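A.B. asks: Have a look at this one.
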């Protein structure tokens, strides 16, 4: 057993103490707290050798174990005094402890990064499912297995995403993030079927692997897209997912369109066009919020179709902006959208008529897909979505010409543009289609 695997096994053993939380309540927080305080006093010996990370060896203290245990303490206290469900507590801690152990074991076989990430997610799902079953039985409570698997898969994908962009010392942040996400989903009382979660996990895994294998996304980008895909399938439905996957597919193809030429002109995406997590979230975060709001629509005095139009408006914006940039970038004589003066290719806020036309077509494609999949949308609704996508694309160009650079980065501009498209889509749906 190598040092990495031994250390991961030790942390997994500590995470297993979470299984006592449903029975012991706040007393389990004392146990985790005692481990955290005790870790700070250990400077050598067998315990130090088992748990010490490279940074701990340099500092001479088990700061990594202390932070891990303190985070577990905080989550346990949330369960005892703030209403965090105990099975969510168990899943949040085990998914990190055992996901990391699975990843380190995979590393022993010199696995590719994508396989190590897959091992983390798989190990996290298995541990979180088993832990939730135990926790619910201890409490004498029941929950449908599909819902348990959904929470486990959501937590494992989020943890895997965060672990792909953070360091091992950031595990406390990962655990807390997973706990709050699963708390939200548990509060939504999401209805999940066996077929639904099976298809969601299968499609998500396939979508993630294909996006990575075709170099259309980095590992963090792939993980972000996979998480978004699963949540969209489960919380929205297959129609919502079809709209999302259409954007990712067409957008990725447009990125590869005459890539070498765009690279020579200085307007190509970095990393051979592979999308990172920031790019994926910048384009799809608003859509995810719309899906979450749709899932919680019973809590709002708003028709569910409004959230559908917000979702479609944000995706239409992302599609429109992507096609406008990727196709318009190969044409000469771009003009600044605010003054119409000619500028160099790649200038923030620069547009070409070819790019604008491609953007409108992209918005119309999304509108057509939504219109075909959702009978309630109709022709008028498709027009609304096209207008929303075009408005969002225009907002992206205006922001690029005025505030992008010193004040806002590209991902922030993408987010604000998709938010604009979502608001226009939802607003027009209320006013025009009421």
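The values are calculated or read from the model by the stated rules, or taken from the named source; none is laboratory data. In this text, all values refer to a predicted model and were calculated from it rather than measured experimentally. Note that each Cβ is placed from the backbone with ideal geometry, even for glycine, and that neighbours are counted across all protein chains shown.
A.B. asks: Do you know which of the residues in region 200-226 that are under 21 Å from residue 145 (Cβ atoms) and touching a helix residue (DSSP H, G or I) at 6+ places or on another chain (Cβ under 7 Å) is surrounded by the most Cβ atoms within 10 Å (Cβ to Cβ)?
C.D. replies: Quick first cut of region 200-226, residues under 21 Å from residue 145 (Cβ atoms) only: 200-205.
From the residues that got through so far, the ones that are touching a helix residue (DSSP H, G or I) at 6+ places or on another chain (Cβ under 7 Å) too are 200-201, 203-204.
On the way: 200: 26, 201: 21, 203: 17, 204: 24.
Checked region 200-226; the qualifying residue surrounded by the most Cβ atoms within 10 Å (Cβ to Cβ) is 200.
A.B. asks: Got a number for residues in region 1-52 being over 33 Å from the mean Cα position of the chain (by Cα) and outside any helix (DSSP H, G or I)?
C.D. replies: Residues flagged as over 33 Å from the mean Cα position of the chain (by Cα) and outside any helix (DSSP H, G or I) within region 1-52 amount to 5.
A.B. asks: Of these, 250, 245, 233, which one is touching a residue at least 12 places away in the same chain (Cβ under 8 Å) and more than 18 Å from the chain's Cα centre (by Cα)? Give the derivation first.
C.D. replies: Working: 245 fails: more than 18 Å from the chain's Cα centre (by Cα); 233 fails: more than 18 Å from the chain's Cα centre (by Cα).
Selected residue: 250, the only one of 250, 245, 233 that is touching a residue at least 12 places away in the same chain (Cβ under 8 Å) and more than 18 Å from the chain's Cα centre (by Cα).
A.B. asks: Among the candidates 106, 66, 119, single out the residue that is surrounded by fewer than 24 Cβ atoms within 10 Å (Cβ to Cβ), over 20 Å from the mean Cα position of the chain (by Cα), closer than 27 Å to residue 207 by Cα and without any contact (Cβ under 8 Å) to a residue 40 or more places away in the chain.
C.D. replies: Numbers: 66 fails: closer than 27 Å to residue 207 by Cα; 119 fails: over 20 Å from the mean Cα position of the chain (by Cα).
So the residue among 106, 66, 119 that is surrounded by fewer than 24 Cβ atoms within 10 Å (Cβ to Cβ), over 20 Å from the mean Cα position of the chain (by Cα), closer than 27 Å to residue 207 by Cα and without any contact (Cβ under 8 Å) to a residue 40 or more places away in the chain is 106.
A.B. asks: Filter region 404-432 down to the residues that are within 13 Å of residue 309 (Cβ to Cβ) and either free of Cβ contacts under 8 Å to residues at least 60 places away in the same chain or not assigned by TED's automatic domain parsing to the domain that holds residue 342 (or both) and list them by number. Walk me through it before giving the result.
C.D. replies: Let us first name the residues in region 404-432 that are within 13 Å of residue 309 (Cβ to Cβ), namely 421-432.
Matches in region 404-432: 427, 431, 432.
A.B. asks: Starting from residues that are in a helix (DSSP H, G or I) and free of Cβ contacts under 8 Å to residues at least 60 places away in the same chain, keep the ones in region 69-103 and report whichever is surrounded by the most Cβ atoms within 10 Å (Cβ to Cβ). Reasoning before the result, please.
C.D. replies: To start, the set of residues in region 69-103 that are in a helix (DSSP H, G or I) comprises 69-81, 86-103.
Narrowing further to those that are free of Cβ contacts under 8 Å to residues at least 60 places away in the same chain: 69, 73, 76-77, 79-81, 102.
Numbers: 69: 26, 73: 20, 76: 29, 77: 17, 79: 27, 80: 18, 81: 11, 102: 23.
The qualifying residue surrounded by the most Cβ atoms within 10 Å (Cβ to Cβ) is 76.
A.B. asks: Tally up the residues in region 14-52 that are touching a residue at least 12 places away in the same chain (Cβ under 8 Å) and closer than 18 Å to residue 127 by Cα, please.
C.D. replies: Residues meeting the conditions: 8.
A.B. asks: Within region 53-63, work out how many residues are within 30 Å of the chain's Cα centre (by Cα) and free of Cβ contacts under 8 Å to residues at least 60 places away in the same chain.
C.D. replies: Keep residues of region 53-63 that are within 30 Å of the chain's Cα centre (by Cα), which gives 53-55, 63.
The next check asks that each one be free of Cβ contacts under 8 Å to residues at least 60 places away in the same chain; those that pass are 54.
Summing the residues that are within 30 Å of the chain's Cα centre (by Cα) and free of Cβ contacts under 8 Å to residues at least 60 places away in the same chain in region 53-63 gives 1.
A.B. asks: Outside any helix (DSSP H, G or I) and either modelled with pLDDT of 90 or more or assigned by TED's automatic domain parsing to the domain that holds residue 363 (or both): is that true of residue 269 in this structure?
C.D. replies: Details: outside any helix (DSSP H, G or I): yes; either modelled with pLDDT of 90 or more or assigned by TED's automatic domain parsing to the domain that holds residue 363 (or both): yes.
The answer is yes for residue 269.
A.B. asks: Within region 53-61, is there a residue that is part of a helix (DSSP H, G or I), on the phi < 0 side of the Ramachandran plot, surrounded by 20 or more Cβ atoms within 10 Å (Cβ to Cβ) and modelled with pLDDT of 90 or more?
C.D. replies: If we filter region 53-61 for residues that are part of a helix (DSSP H, G or I), which is where we start, we get 54-59.
In the following step, the residues that additionally are on the phi < 0 side of the Ramachandran plot were identified as 54-59.
Next, from what is left, pick out any that are surrounded by 20 or more Cβ atoms within 10 Å (Cβ to Cβ): 56.
After this cut, where a residue has to be modelled with pLDDT of 90 or more as well, the list is none.
For region 53-61, residues part of a helix (DSSP H, G or I), on the phi < 0 side of the Ramachandran plot, surrounded by 20 or more Cβ atoms within 10 Å (Cβ to Cβ) and modelled with pLDDT of 90 or more: absent.
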